[in-house]
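The values are calculated or read from the model by the stated rules, or taken from the named source; none is laboratory data. Quick caveat: nothing in here was measured; it's all calculated off a predicted structure. No Cβ is skipped: glycine too gets one built from the backbone with ideal geometry, and neighbour counts run over all protein chains shown.
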Amino acid sequence: MFEAGFSPISLDIQLLQFEQFKARTEELYNEATSSYVKTSLPRPEDFPKALYTLDIGQNDLTAGIKSMTEKQLLASMPHIINLLAHAVEKLYQLGARVFWIHNTGPIGCLPYSLIKYPPKPGNMDQNGCIKSHNEIAKEFNRQLKETVSQLRVQLSDAVLTYVDVFLAKYSLISEAQKHGFVNPLGYCCGHDGDYYVQCGKKAMVNGTEIFGAACSDPSLYISWDSIHYSHAANRWIAYHIVDGSLSDPPVAITQACHGPARS
């Protein structure tokens, strides 16, 4: 979300791209004379019925940990959350009415974090994750949930569902072997040990060029490249959030677009 974060496409740019996409789609739909073209495009009335999913926090917090103190990052959170609130308001102005908002995951469990910031004594939890980083994520999520509640009051005819992705991911990490994964804090693509090589990158180690190759079976790992979750892990997480058991209100994604906004 931050322009100074890891993504080259900030939230403002994403909103602008959506606004342009919506306007252009509606223009093409209204100008179309062929039924084939019309059936190939979203109808203007489809936009208010769509489910708008926002998954935020990890890039912002990871960039913040890299560039400022934890105290400064905590102080910056209201600004980050306000950016999200403005994005929801903008989408609402463009006709969006149903939102599925993910909180951020346990950034202290990312293999990248453990490599970059080895936890000091007393700052490691029972799963080997960095306690202070996860506490930052929890505080971000607390403020996010509070803001979602405020938006429900402000946008009374919208439906906003808050999804606890943190709990889903941390549960998977805590019970990795039970669900068929190996070392929950390891990763598939890249290398860490006597030296560190990013996934798909090359590095010179003692005069030898080393390539950050992938493992033979990515489905055994929660993390793909030390930062992003693997396909297998994302599939497990998705399966455990779509039924609504980790949502507020506890509504399955198949029902998220129905009914009045809930507080």
Kindly provide the set of residues from segment 16-33 that are touching a residue at least 60 places away in the same chain (Cβ under 8 Å) and either exposed (fewer than 14 other Cβ atoms within 10 Å of the Cβ) or of a type in the set (Lys, Arg) (or both), ordered by number.
Lys22
From (1) hydrophobic (A, V, I, L, M, F, W, C); (2) assigned to a loop (DSSP other than H, G, I, E, B); (3) out of contact with any Cys (no Cβ under 8 Å at 6 or more places or on another chain), pick out the condition that doesn't hold for Ala233.
(2)
Could you list all residues from segment 117-145 that are within 21 Å of Ala176 (Cβ to Cβ), of a type in the set (A, V, I, L, M, F, W, C) and touching a residue at least 24 places away in the same chain (Cβ under 8 Å)?
Cys129, Ala137
Screening Lys145, Lys169, Lys138 for residues that are within 23 Å of Ile253 (Cα to Cα), at pLDDT 95 or above, touching a helix residue (DSSP H, G or I) at 6+ places or on another chain (Cβ under 8 Å) and assigned to a helix (DSSP H, G or I) leaves only Lys169
Considering segment 133-159, residues that are among the small types (Gly, Ala, Ser) and surrounded by fewer than 16 Cβ atoms within 10 Å (Cβ to Cβ), and then whichever is nearest to Pro184 (Cα to Cα), we arrive at Ser149
So which residues in segment 102-115 are in contact (Cβ under 8 Å) with a residue 40 or more places away in the chain and either in a helix (DSSP H, G or I) or not β-branched (Val, Ile, Thr) (or both)?
His102, Asn103, Gly105, Pro106, Ile107, Cys109, Leu110, Pro111, Tyr112, Ser113, Leu114, Ile115
Would you check if Gly200 is free of Cβ contacts under 8 Å to residues at least 60 places away in the same chain, buried (at least 18 other Cβ atoms within 10 Å of the Cβ) and farther than 26 Å from Thr53 by Cβ?
no
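Give segment 128-155 a look and list any residue that's of a type in the set (D, E, K, R) and touching a Ser or Thr at 6+ places or on another chain (Cβ under 8 Å), or say none.
Arg152
Restricting the search to segment 46-92, which residues are part of a helix (DSSP H, G or I), hydroxyl-bearing (Ser, Thr, Tyr) and within 30 Å of Pro111 (Cβ to Cβ)? Spell out the reasoning first.
Step one: list which residues in segment 46-92 are part of a helix (DSSP H, G or I), which gives 46-49, 58-67, 70-92.
Filter again for hydroxyl-bearing (Ser, Thr, Tyr), leaving 62, 67, 76, 92.
Within segment 46-92, Thr62, Ser67, Ser76 qualify.
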In segment 211-227, residues that are among the hydrophobic types (A, V, I, L, M, F, W, C), touching a Lys or Arg at 6+ places or on another chain (Cβ under 8 Å) and surrounded by 15 or more Cβ atoms within 10 Å (Cβ to Cβ) total 0
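When you go through Asp125, Asp157 one by one, which is the residue that is more than 23 Å from Asp55 (Cβ to Cβ), at pLDDT below 95 and acidic (Asp, Glu)? Lay out the reasoning, then the answer.
Details: Asp125 fails: at pLDDT below 95.
Just one listed residue meets the conditions, Asp157.
In segment 166-197, which residue that is of a type in the set (D, E, K, R) and either free of Cβ contacts under 8 Å to residues at least 12 places away in the same chain or touching a strand residue (DSSP E or B) at 6+ places or on another chain (Cβ under 8 Å) (or both) is nearest to Gln143 (Cα to Cα)? Outline the logic, then answer.
The first filter runs over segment 166-197 and keeps only residues of a type in the set (D, E, K, R), leaving 169, 175, 178, 192, 194.
Keeping just the survivors that are either free of Cβ contacts under 8 Å to residues at least 12 places away in the same chain or touching a strand residue (DSSP E or B) at 6+ places or on another chain (Cβ under 8 Å) (or both) gives 169, 175, 178, 194.
Details: Lys169: 19, Glu175: 27, Lys178: 32, Asp194: 40 Å.
So, considering only residues that are of a type in the set (D, E, K, R) and either free of Cβ contacts under 8 Å to residues at least 12 places away in the same chain or touching a strand residue (DSSP E or B) at 6+ places or on another chain (Cβ under 8 Å) (or both), the one nearest to Gln143 (Cα to Cα) is Lys169.
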Unmet requirement for Asp225, which otherwise passes all of (1) within 20 Å of Leu160 (Cβ to Cβ); (2) modelled with pLDDT of 95 or more; (3) in a loop (DSSP other than H, G, I, E, B)
(1)
Any chance segment 39-49 includes a residue that's among the aliphatic types (A, V, I, L, M) and surrounded by 12 or more Cβ atoms within 10 Å (Cβ to Cβ)?
yes
Looking only at segment 92-111, how many residues end up being under 16 Å from Gln150 (Cα atoms) and surrounded by fewer than 22 Cβ atoms within 10 Å (Cβ to Cβ)?
4
